[in-house]
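One structure below.
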Amino acid sequence: MITDGDNAAPFPLEGGRAGDGGGGGSTAARPTRVASGAIERARRLRQEQTVAERILWEALRPLKMNFRRQTPVGRYVADFAHLGSRLIIEVDGPHHELPERQARGAERTAWLKTGGFRVIRFPERQVRNDLNTVIERIVAEAAPPPSPTLPPSRGKGVPRYDVR
């Protein structure tokens, strides 16, 4: 994208999208931008799902809660995402228990949290053996927070104060 240094709004022909509006900040402050190659990687990962990811996807789809699978989020591809509640769901296989993978997972989680996402992780074994508990937790995390309770209504025609 070509800018004149003062965070001018990008033009569509210069690599921006119509309606971007510029935003006046660096792209580092917006981790929801998709990195180059992430869409192709996500498409490949959708075709190469693990057994646990396939089981979880088949359980999430009927809920009609708009979950996405293998979706690009910034420079990463999340296993599952509920963008309405900014929730990322990761299914960790046995290779995630290696120290270097744990460090990379912690870095990824920290990066996603800076973008306002919440991340929950499930071991692949738990998805396969205790799917109901996994689904219950995901639904609870993705549910919108309860609205504040309002004071009871006085109703129409009820005087606000006693007139004598």
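Remarks
- Global geometry of the stretch 46-120, whether rounded, prolate or oblate, following the gyration tensor of its Cα atoms and the 1.5 cut on a/c: oblate
- Ordering of 67-76, 94-103, 135-144, 121-130 by packing [mean C-beta count within 10 Å, highest first]: 67-76, 121-130, 135-144, 94-103
- List 109, 133, 114, 149, ordered by accessible area with a 1.4 Å probe, largest first: 149, 114, 133, 109
- FRET efficiency, residue 149 to residue 65 (Cβ-Cβ, R0 35 Å, nearest 0.05): 0.90
The values are calculated or read from the model by the stated rules, or taken from the named source; none is laboratory data. It should be emphasised that the depicted structure is a prediction, and the values quoted were computed from it without experimental measurement. Every residue, glycine among them, receives a Cβ derived from its backbone with ideal geometry; neighbour counts consider all protein chains shown. What goes into the accessible areas is simple: the full protein's heavy atoms, side chains included, and nothing from ligands, DNA or RNA. Shrake-Rupley method; radii C 1.70, N 1.55, O 1.52, S 1.80 Å.
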